[in-house]
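Reviewing the structure listed below.
The values are calculated or read from the model by the stated rules, or taken from the named source; none is laboratory data. Not measured: the values here are computed from a predicted model. Virtual Cβ from ideal backbone geometry, glycine too; neighbours counted across all protein chains shown. All accessible areas refer to the heavy atoms of the entire protein, side chains included, with ligands and DNA or RNA removed. Shrake-Rupley method; radii C 1.70, N 1.55, O 1.52, S 1.80 Å.
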Amino acid sequence: MADHFSHDHKVDSSPTRSPESHTPEEMSIGEYARTRLSTLKPPMHKAPNPITLLRMLNTKQWLFFLCGFVAWTWDAFDFFTVSLTVEDLAEEFDKTTTDITWGITLVLMLRSVGSIAFGLAADRYGRKWPFVINNLLFIVLELGTGFCQTYNQFLACRALFGIAMGGLYGNAAATALEDCPEEARGLISGMLQQGYAFGYLLATAFARGLVNTTSHGWRPLFWFGAGPPVLIIIFRLCLPETAAYQEREAIRQERGNIGSTFIAEGKVALKRHWLLLIYLVLLMAGFNFMSHGSQDLYPTMLKNQYNFSPNAVTVTQVVANLGAISGGTVIGYCSQIFGRRFSIIFICVIGGALLYPYTFTSSKAVIAAAFFEQFCVQGAWGVIPIHLMELSPGSFRTFVVGTSYQLGNLASSASSTIESTIGSQFPLPPKGHTKRYKYGLVMCIFMGCVYAYVIVLTFIGPEYLRRSFDVAHDSDVSEAVGHNTIESSMKKIHEREAMGMGMSDADRADIEEVEKGTAHGTERV
């Protein structure tokens, strides 16, 4: 089982660190199972001041993070443009609300297609140009949606948009985190993931200012959505490839045939990690059920069951998103101290305990419960970008991160439908002609099951805390191309950079350690 799940890695956190060994050892299912509890023990790494962690990033690393964060934020903005204009679109195209929500469903269904296509492209050809093409599609398809004249045109644009949206997450995560200092990864991961909540807040604000404030109705929101990707593209064009990708590209060039080397790496990754890939999809299904199950039907519950006004619903949603942004950042930071798995499990337990006030409070006091519940939900999510990056095979990091996330999203896309359907079995006294249901009861039970699922999946899964992303530490690449190829390539990089082409003293020291074969750090099985 080890060649698929491998084992849990912990690396020495001293300032001078050499690569840990990633050579997997054979383990029986029983042996692996016995390690799940012992490896859950928090490592209790030193907790540096968050400001100190942020200062660890150099200018280029900050630019990479900001590029990934802004792109992920605008990905969310573009997605919510439909959610925030459903009634206007239904009136425009003379369709029901359910008909319009097919535009949302198509996006969710086709995201995985985009994650596969753009993920493989980013791992093969680099992060930059697939990212640029991705954002070009955002521009074209958001503009196209704004100019749609028929319902079929609308569905076609949103279906294509789903492909574009699916391709961005893995690339944004790789761009933002690949070169990030190991000590700061947890905090930066939490900050990155909350770009989605920030995008929702921006979409809400701009919808208030742009929808039905001109003679063009809902269309200006989509036209505006096509603008910022132009700036994002310019931003990305001004940045190079990540150093982690450049190292992999150098090794492929050293071997002489880039395409065949990429295929060889893929065969090794599939052979050694196929079970891990399945696990990641199952884990991401649980996480997406957790976010969709706690969020999608919540405004309906507040309005239908507890008779909240539209303004009260909006305020509650905004406060919940502020909780989400706070939680993702805080728990992402904590995961660097207590470990990824322990942090996820702990915050899921707290989130489960808060389900009752979150779904059964009928007064405005529910705002506090909404803040802390979404703090927990998105707190767990804040760990995910770096957790997926550390678990993914290095040569296919963008593909695995994006595809596991989007396939999990596809599996959970029916969350609100499931809750709504079950909720209809628990009617309440109607208010006038409006039928009312106990959505809170259903959401509480549904989310309780989801939390239990995520806790169990996280418990049985692996963790490669602070795993090095350097190619010299990647046993998959070593098996695919041979140690001599890696050594020769790293030596050439060392020589070229040592001649004044930009390598820092710390980078030179790291490569010297690799060449000497030194390795600090320990493994947990």
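Dipole orientation for the chain: of the candidates Met44, Tyr298, Ala269, Tyr298 has the Cα lying most toward the positive pole (charges on Cβ; Lys, Arg +1; Asp, Glu -1). Note on Ala353 and Leu282: the model spin-label points, each 7 Å out from Cα along the C-beta direction, lie 2.8 nm apart.
Distances between placed amide hydrogens fall under 5 Å for Arg436 paired with Leu428, Lys431, all partners being 5 or more residues away or on another chain. With respect to the chain, whose longest principal axis is taken over its alpha-carbon atoms, helix 97-125 is tilted by about 10°. Between the range 177-231 and the range 331-347, the alpha-carbon centres lie 26 Å apart.
Full-extension gain between Lys492 and Ala47, please, as 0.36 nm times their residue separation minus the C-alpha to C-alpha distance.
Working: separation 445, 0.36 × 445 = 160.20 nm, distance 3.69 nm.
This chain segment gains 156.5 nm when fully extended.
Taking the convex hull of the alpha carbon positions in the chain and averaging its projected area over all directions gives 24.3 nm².
For the set Lys128, Lys431, solvent exposure ranked by accessible area (probe 1.4 Å, protein chains only) runs largest to smallest as Lys431, Lys128. Sorted largest first by accessible area at a 1.4 angstrom probe radius, with every protein chain in place, the residues Lys438, Lys491 fall in the order Lys491, Lys438. The C-alpha atoms of the chain define a longest principal axis, and helix 366-391 lies at about 30 degrees to it. Under a model in which nothing but the beta-carbon of Lys, Arg (+1) and Asp, Glu (-1) is charged, the chain shows a dipole of about 1220 debye around its Cα centre. The fraction of accessible area contributed by carbon and sulfur in the chain is 65 percent, rounded to a whole number (1.4 Å probe; ligands and nucleic acids excluded). Helix 168-177 and the long axis of the chain differ in direction by around 50°, with both axes built from C-alpha atoms. Using only the C-alpha atoms, the convex hull of the range 257-486 corresponds to 126 Å³ per residue. Any chance you could check the Cα centroid distance between the range 361-385 and the range 70-96 for me, in angstrom? Comparing the Cα centres of the range 361-385 and the range 70-96, I get a distance of 24 Å. Computed with a 1.4 Å probe on the full set of protein chains, the accessible area for Glu92 sits at about 90 Å². As a length-normalised measure over Cα pairs under 8 Å and 6 or more apart, the relative contact order of the chain settles at 28 percent. What's log10 of I(q)/I(0) for the range 195-332 at q = 0.09, 0.13, 0.15 Å⁻¹, Debye sum over Cα points only, no solvent? The calculated log intensity ratios at q = 0.09, 0.13, 0.15 Å⁻¹ are -0.56, -0.95, -1.07. Rolling a 1.4 angstrom probe over the protein heavy atoms, how many square angstrom per residue are accessible across the chain? I get 40 Å² per residue for the chain. Solvent-accessible surface of protein heavy atoms, probed at 1.4 angstrom with all chains present, puts Leu322, Leu465, Leu270 in the order Leu270, Leu322, Leu465, largest first. Packing here is the average count of other Cβ atoms within 10 Å per residue, and on that basis the peptides 446-458, 56-68, highest first, run 446-458, 56-68.
Given a 1.4 Å probe and the protein chains as shown, Ile100 ends up with an accessible area of around 0 Å². Charge tally for Cys348 (other residues, Cβ to Cβ under 14 Å; Lys, Arg +1; Asp, Glu -1): +1.
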